[in-house]
Amino acid sequence: MKHLIDSKYVRLAVVIVLGGLAGFLFTAFHLAPPQDRSITITAHKYAYDPPVLQVNRGDRIHLHLVAQDVTHGFYLEGYNLEAKMRPENDTFWVRHPSQGGDFEEVDEVSFVASRPGKFRYRCSITCGYMHPFMQGELIVRPNHLFSTSVGLSMGLLLGMLLVFRPSSQGVKK
Amino acid sequence: MATAERILTEPVPQEIEKKPWRFDVFAHLPWLKGLVRMRSFQFLVILPNLFLFYLFLIAGFFGTPIGNRNIIIVFVWILWWFVLIAVMMPFGSRLWCTMCPLPFFGDWLQRRSVVGVRSGKSPGTLNKFFGLQKRWPKRLSNIWLQNFGFLFLATFSALLVTRPLVSAIVFGVLILLAAGMALVYRLRTFCNYICPISGFLSLYAMTSTVELRSADKEVCLKCTTKSCIRGSDKGWACPWNVYMGKLDRNNYCGLCFECVKSCPNDNISLYLRPFSTSDVALRGYDEVWKACIMLMLAFSYSIVLLGPWGWLKDWANISEKHNWGGFGMFAAGQALLALVIFPALFYLSIRLGKWYARADDVSTKELFLKYAYMLVPMGLLAWIAFSVPLIMVNGSYIVSVASDPLGWGMNLLGTAEFPWKPLWPQWVPFAQVPILLAGLYFGLRGLHKVGSQLFKDPTQLFRSMIPPAVLLLGVTVLFLKLFIG
């Protein structure tokens with residue numbers, strides 16, 4: 001048992017976990033009060049404007065979607081939301097993909113940004129050559145996954161250096 | 001310089017003396033050995049790919065110009081790419097080269113045989129080859145042409161991976177080039193020195209969990225026939241010009257298994273080994289720059305193709321947007337990043353490490369070449385992390401395109417109307433994080449392994465590692481920022 005605890009791999013694992021924990025804690029206290037945000041997203045070949053939305057967890061997002069040139073789609077991963085927009089239309093069509101069913105014509109769609117992290121919104125209707133790469137980003141803060149991952153990476157580096165450091169290899173200086 | 005020929009002239013490096021665990025596959029699966037010894041083996045594995053390749057070319061030239069409705073784009077750049085980079089490379093080494101249809105016609109012209117072996121004499125071999133059988137110029141016997149070729153193609157990647165016609169033209173040119181070169185030069189000169197795919201396969205095959213090696217190198221050294229490299233009536237001379245007695249890395253072994261057929265001592269076997277532990281030595285600036293180019297292209301693709309910035313996509317999408325100024329900036333920026341900026345950063349980290357370690361007895365060049373191995377597992381895993389969303393998000397196109405390969409409105413399998421349906425896209429980041437962390441882990445481990453071969457003093461080793469290790473951490477965090485930050 002002592003051998004196991006002394007094992008360099010256990011030390012490595014401990015440092016990695018501590019790094020991840022530190023990364024998580026770095027964003028854990030990011031507590032912004034929820035607010036309502038009205039955002040208009042304009043789709044055009046092959047991007048969305050704005051390309052990145054930064055919101056806080058708990059915010060209620062009111063989206064108005066517009067297509068500038070041709071018909072575009074809007075598939076927001078993680079939030080079960082899909083829409084299609086046609087040029088010169090003030091309204092757009094929305095559905096929840098997991099439930100299937102028909103699209104419903106609306107002039108706004110709203111949802112609560114309850115899941116933190118980075119989520120892509122992608123074009124779901126073939127709109128041209130670069131269509132598969134047309135996407136934007138919804139970043140819901142606090143982004144625990146990112147901060148934890150950076151912490152884990154730093155922990156991994158530190159842990160590996162601890163394992164590799166001369167004294168841990170039993171060499172007297 | 002990194003040539004197959006160099007393997008013949010250099011002494012066996014020390015690192016192969018301390019082999020980690022390996023498992024003799026042929027000893028445990030004799031039927032597999034029997035299979036690869038069949039003369040028709042390679043032809044049989046190439047044949048389906050040849051048929052698909054023919055279909056892809058037809059689809060590219062005559063099918064719909066919309067990429068995500070054309071089989072050449074969906075099957076090559078989504079399905080094949082993912083299988084190649086995430087499955088074949090880490091677990092099969094250069095298995096793709098075993099089944100690649102590109103050099104098929106060249107081999108046929110050169111051998112005038114699809115399956116059989118022709119004994120006789122051609123320069124350096126005991127097989128009869130046809131064509132001019134010229135030697136490839138020595139100064140080009142490296143992977144620099146593959147480096148520049150791949151970087152050039154990558155400049156047009158936005159066109160290549162979205163335009164069926166562009167993909168078809170590129171593959172058509174490659175197949176003609178392979179055939180033409182086989183008529184002029186010896187063996188697989190195209191694969192060794194020109195093929196842009198072969199260049200990165202050679203690099204990332206180093207990490208693979210399989211290797212084809214001689215069971216006992218002493219047997220090879222005593223062998224008088226050297227049939228593996230010279231050929232015999234049982235097998236063709238190694239198309240990659242590799243002598244098994246000195247083969248200690250996967251880089252330039254194309255897994256054609258001709259040596260298994262021709263070895264008179266039954267001394268060649270396929271081995272399993274741990275990931276990224278055995279071939280940990282880059283041997284030339286060409287290989288180091290290949291590692292830098294591939295890592296930076298993974299970075300560039302992640303920004304341009306998977307990023308949200310439309311202006312950058314417009315710059316890369318030259319044939320539609322015609323923004324030549326923007327395209328010039330994109331091309332120059334990408335080339336500068338891959339050829340100058342990142343290699344300079346890496347060089348700086350090496351100089352810092354050398355200074356901190358007071359390592360006057362180790363040359364900067366040696367440190368630069370050896371420590372570059374850390375970029376190999378990191379690069380491969382960064383490419384895998386980049387490829388995960390491609391298959392998870394756009395994989396459903398495979399189902400629809402399989403039923404309507406040319407986008408002509410056919411419905412061969414009844415799935416042509418299968419909707420675009422991303423597969424758990426919200427979980428993609430949770431797959432990318434461990435992949436990138438694994439890249440960092442294997443990179444650091446590789447760094448320590450090559451460092452241990454360079455330094456006897458553990459303090460020097462430790463200090464020399466710190467700056468490049470921090471650079472590797474920076475690369476990891478950058479990819480994390482792009483994918484999940």
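The values are calculated or read from the model by the stated rules, or taken from the named source; none is laboratory data. Here the structure is a predicted model, which is why all the values come from computation and not from measurement. All Cβ positions, glycine included, derive from the backbone under ideal geometry; neighbour counts span all protein chains shown.
For (1) touching a Ser or Thr at 6+ places or on another chain (Cβ under 6 Å); (2) buried (at least 24 other Cβ atoms within 10 Å of the Cβ); (3) touching a residue at least 40 places away in the same chain (Cβ under 8 Å); (4) part of a helix (DSSP H, G or I), each residue gets a yes or a no:
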residue: B:201; (1), (2), (3), (4): no, yes, yes, yes
residue: B:238; (1), (2), (3), (4): no, yes, yes, no
residue: B:241; (1), (2), (3), (4): no, no, yes, no
residue: B:289; (1), (2), (3), (4): no, no, yes, yes
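Checking each residue in the range B:77-103 for being more than 14 Å from the chain's Cα centre (by Cα) and surrounded by 22 or more Cβ atoms within 10 Å (Cβ to Cβ) picks out B:78, B:102, B:103.
Considered as a group, the residues in the range B:337-364 that are on the phi < 0 side of the Ramachandran plot and part of a loop (DSSP other than H, G, I, E, B) include one that is surrounded by the most Cβ atoms within 10 Å (Cβ to Cβ), and that residue is B:359. Residues in the range B:48-105 that are more than 22 Å from residue B:405 (Cα to Cα) and of a type in the set (S, T, N, Q): 2 in all. Among the criteria (1) at negative phi; (2) within 10 Å of another protein chain (Cβ to nearest Cβ), the one residue B:424 does not fulfil is (1). Taking the conditions (1) crowded, with 20+ Cβ neighbours inside 10 Å; (2) assigned to a loop (DSSP other than H, G, I, E, B) in turn, residue B:306 satisfies each one other than (1).
Of the residues screened, residue B:384 is not one that is closer than 23 Å to residue A:100 by Cα and in contact (Cβ under 8 Å) with a residue 60 or more places away in the chain. Against the test of being out of contact with any helix residue (DSSP H, G or I) (no Cβ under 7 Å at 6 or more places or on another chain) and in contact (Cβ under 8 Å) with a residue 24 or more places away in the chain, the options B:187, B:159 yield a single qualifying residue, B:187.
Screening B:117, B:76, B:87 for residues that are part of a loop (DSSP other than H, G, I, E, B), of a type outside the set (Gly, Ala, Ser) and at pLDDT 95 or above leaves exactly one candidate, B:117. When B:299, B:330 are checked against the criterion of being crowded, with 21+ Cβ neighbours inside 10 Å and over 20 Å from the mean Cα position of the chain (by Cα), a single residue qualifies: B:330.
Mind listing whichever residues of the range A:11-25 are over 18 Å from residue A:162 (Cα atoms) and surrounded by fewer than 16 Cβ atoms within 10 Å (Cβ to Cβ)? Within the range A:11-25, A:21, A:25 meet the criteria. For the range B:265-284, the set of residues classified as under 19 Å from residue B:255 (Cβ atoms) and hydrophobic (A, V, I, L, M, F, W, C) consists of B:268, B:270, B:272, B:275, listed by residue number.
For the range B:259-272, a residue qualifies if it is in a loop (DSSP other than H, G, I, E, B), out of contact with any strand residue (DSSP E or B) (no Cβ under 6 Å at 6 or more places or on another chain) and surrounded by 19 or more Cβ atoms within 10 Å (Cβ to Cβ), and exactly one does: B:263.
Taking strands (runs of 3 or more DSSP E) that do not extend beyond the range A:82-173, which have at least 1 residues that are farther than 27 Å from residue B:477 by Cα and more than 7 Å from chain B (Cβ to nearest Cβ)?
Working: elements: A:92-95, A:104-106, A:109-112, A:117-122, A:135-141.
Fully inside the range A:82-173 and qualifying: A:92-95, A:104-106, A:109-112.
Just one of the listed residues (B:460, B:432, B:426) is in a helix (DSSP H, G or I) and surrounded by fewer than 21 Cβ atoms within 10 Å (Cβ to Cβ), namely B:426.
Can you go through B:165, B:153 and tell me which one is surrounded by fewer than 20 Cβ atoms within 10 Å (Cβ to Cβ), within 14 Å of chain A (Cβ to nearest Cβ) and not in a loop (DSSP other than H, G, I, E, B)? Result of the check over B:165, B:153: B:165. Do we have residue A:96 as crowded, with 19+ Cβ neighbours inside 10 Å and either at negative phi or touching a helix residue (DSSP H, G or I) at 6+ places or on another chain (Cβ under 6 Å) (or both) here? So residue A:96 fails the test. Would you say residue A:55 is assigned to a strand (DSSP E or B), surrounded by 13 or more Cβ atoms within 10 Å (Cβ to Cβ) and among the aliphatic types (A, V, I, L, M)? Criteria met by residue A:55.
For the range A:69-81, filtering for residues that are surrounded by 15 or more Cβ atoms within 10 Å (Cβ to Cβ) and in a loop (DSSP other than H, G, I, E, B) leaves 5.
Only one of the numbered conditions (1) part of a helix (DSSP H, G or I); (2) more than 8 Å from chain A (Cβ to nearest Cβ); (3) among the polar types (S, T, N, Q) is not met by residue B:415, and that is (1).
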